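For reference, the structure is listed below as C-alpha cells.
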Amino acid sequence: MKQYDVTALGELLIDYTENGVSAQGNPLFEANPGGAPCNVLAMLGKLGHKTAFIGKVGEDAFGRQLKEALENAGIDASHLYMDKEVHTTLALVHTLANGDRDFSFYRNPGADMMLTKEEIPENVIKNSRIFHFGTLSMTHEGVRAATLRALAVAKENDVTISFDPNLRPPLWKSLDDARRQVLTGLSYCDILKISDNEIQWLTGEEDFDAGVRWIRERYPDIALLLLSMGREGSRAYYGDLRVEVPAFLRRDTVETTGAGDTFCGCMLHAVCGQDLRRLTKDGLKQALTFANAAASLITTRKGALGVMPERDEILAAIK
C-alpha cells in the first residue's frame, strides 16, 4: 500500500484575478491561492484522495496564506518550504473579451524557483501511486535539477508519472528552451495532459490527431494521452482508442482559470490505483464526462484551489 495517491511538485503562487472595479474605476484583483500542480491536488482531495505537495513559497504573508490553503484543502504540506530571502511568486490574470487569459508574472526570481534537488523528499515520491509535475518547475536551472531528481526517483520506483506542460511563454527565456523542457517531460511521463494550443505549438500540426501521432511516434511509452480542447470538449487517446466527449458549456462562466487543472485532477482520480494497461473505452468515456463537468463548474468561480467542486455537484451537473 502507498502512503499517498498523488504527489505533485511545482509552483504554488498567488493568482490575482480580476474582480470588478473600484469606485474610482480602477480594476480590483482578488488574491486567490493558485498554481497548477496544487489545483490538481485540491480536486483530488475533494474526491477522497490523499495527496502531498513539494515546493517553495516565500516566508511572507502570501506564503503563509498559501500554506494555510493547502492545509485547508487536505494536502500534506510537510514539504512546502519557506524561503527567507525570496518572495512568493505572484501572477496577475487578465480575462480577455474572447474568454482567453493573459498572465503577468512577478517572478524574477520567485520563491518557487528556489527549490533544490537536496530538498526533494525521496520517500514521499517512493510512497506515491502517481507523481505529477509541469514545466514551471523547469524554467530555471536549480528548480529544473530538483524536478529531474524527483522524476528519476519516480522512475526508479515504478511510480506512475503524470505531466501537464502548462505552457506560460512569459516565464521562459525563449520558446525554444520551453520546447526542449516539454520534450524532456514527455520522455518521462506515462500520462500526458495537454491542451489544444499546446499540442499545436509543440508539434506544428493544426490537426489534433496528427499532433497526437507526432507525440506517440516519438514517445511510445506514454500510455494515456489526454487532450483538453476548451469549448470543444476533451479526448483520450489510449492504444487504438480515441474517445471524445463534448464540453459542458455554461452561461454563468466567469473565467477559465483552473479548468484544465480540474479536468486533470478528475482524470487522475479515474486512473489512480488502476493498471494503465487495462483501461476501457466505456471507462474513459465516463471519466471524460465527469472531468468535463467538473471543469465547467470551476469556470463559474473566481480562483481554483480553494473552490474545487464537490463530487455531488459534479454528478448533478452531469444529470
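Check the straight Cα-Cα distances from LYS50 and name the lysines below 20 Å, setting aside those fewer than 8 residues away within the same chain.
Leaving aside lysines fewer than 8 places away in the same chain, those within reach of LYS50 are LYS2, LYS67, LYS126.
Using a 7 Å offset from Cα along Cα-Cβ at ASN127, what residues in region 66-97 end up with backbone N under 17 Å from the label point?
75-80
Which lysines have a Cα lying under 18 Å from the Cα of LYS285, excluding residues fewer than 8 positions away in the same chain?
Here the lysines satisfying the reach criterion relative to LYS285 are LYS193, LYS319.
Along the charge dipole of region 1-132, which of GLN3, PRO33, ILE125 sits closest to the positive end, that is, farthest toward it, with unit charges on the beta carbon of Lys, Arg, Asp and Glu (+1, +1, -1, -1)?
Checking the options against the dipole of region 1-132, the answer is GLN3.
What is the spin-label model distance, in nm, from THR280 to GLU71 if the labels are put 7 Å beyond Cα along the C-beta direction?
4.4
Sorted by mean Cβ packing within 10 Å, highest first, what order do the peptides 34-44, 78-88, 298-308 take? Could you put the intermediate results ahead of the total?
Numbers: 34-44: 30.2, 78-88: 16.2, 298-308: 21.6.
Most protected by this proxy first, the peptides run 34-44, 298-308, 78-88.
What residues have an amide H closer than 5 Å to that of ASP83, excluding those fewer than 5 places away on the same chain, when H is modeled at 1.01 Å from N in the peptide plane?
VAL57, GLY58, GLU59
With runs of 4+ DSSP H residues as the only contributors, calculate the mean residue ellipticity of the chain at 222 nm using -39,500 (n - 2.57) per run, divided by the residue total and rounded to the nearest 500.
Values: 10 runs with 116 residues, N = 319.
For the chain, the value works out to -11000 deg cm²/dmol.
Order 136-142, 218-224 from most to least packed using the mean count of other Cβ atoms within 10 Å.
Working: 136-142: 20.0, 218-224: 15.4.
Going from most to least packed, we get 136-142, 218-224.
Taking every eigenvalue of the Cα gyration tensor of region 118-236, multiplying by 5 and rooting it, what semi-axes result, largest first, whole Å? Could you put the intermediate results ahead of the total?
Details: eigenvalues 118, 61, 27 Å².
For region 118-236, the ellipsoid semi-axes come out as 24, 17, 12 Å.
Got a sec? Charge dipole of region 4-318, +1 on Cβ for Lys and Arg, -1 for Asp and Glu; which of MET82, LEU202, LEU288 is way out at the positive end?
LEU288
Would you give the gap between the C-alpha center of region 133-183 and the C-alpha center of region 1-60, rounded to a whole Å?
Using only Cα atoms to place each centre, the spacing works out to 18 Å.
Each residue of region 264-269 in order: what ³J(HN,Hα) in whole Hz does its phi give by Karplus 6.51 cos²θ - 1.76 cosθ + 1.60, θ = phi - 60°, with x for Gly and Pro?
Here the 3J(HN,Hα) series is 4, x, 5, 5, 5, 4 Hz.
Mind putting a number on the dipole of region 166-256 about its Cα centre? Charges go on the C-beta only, +1 for Lys and Arg and -1 for Asp and Glu, and I need it in Debye to the nearest 20.
240
Can you sort ILE318, ILE161 from fewest to most other Cβ atoms within 10 Å of each residue's own Cβ?
Ranked by crowding around the Cβ, least crowded first: ILE318, ILE161.
On average over all directions, what projected area in square nanometres does the chain have, based on the convex hull of its Cα atoms? Numbers along the way, then the final one.
Values: hull surface 64.0 nm².
The directionally averaged projection comes out at 16.0 nm².
Loop only by DSSP, 12 or fewer other Cβ within 10 Å of the Cβ. Give me the trypsin sites (Lys or Arg not before Pro) in region 150-202 that pass, ordered by residue number. The partial results should precede the final answer.
Values: sites: LYS155, LYS173, ARG179, ARG180, LYS193; in loops: LYS173.
Answer in residue order: LYS173.
Taking a virtual spin label 7 Å from the Cα of LEU28 along the C-beta vector, which residues in region 286-301 bring their backbone nitrogen under 17 Å of it?
So the set is 301.
Where the only charges are on Cβ atoms (+1 Lys, Arg; -1 Asp, Glu), what is the dipole of the chain about its Cα centre, to the nearest 20 debye? Numbers along the way, then the final one.
On the way: 36 positive and 44 negative charges, 111 e Å.
Roughly 540 debye for the chain.
Sort 11-18, 242-249 by packing, meaning the average of other beta carbons within 10 Å per residue, with the highest value first. Provide the component values of the computation, followed by the final result.
Working: 11-18: 25.0, 242-249: 16.2.
Going from most to least packed, we get 11-18, 242-249.
None of the figures in this text is laboratory data; all of them are computed from the coordinates on show. Bear in mind that the values here come from a model prediction, so they are computed numbers and not experimental data. A quick note on method: Cβ atoms are made from the backbone with ideal geometry, for glycine too, and the neighbour counts reach across all protein chains shown.
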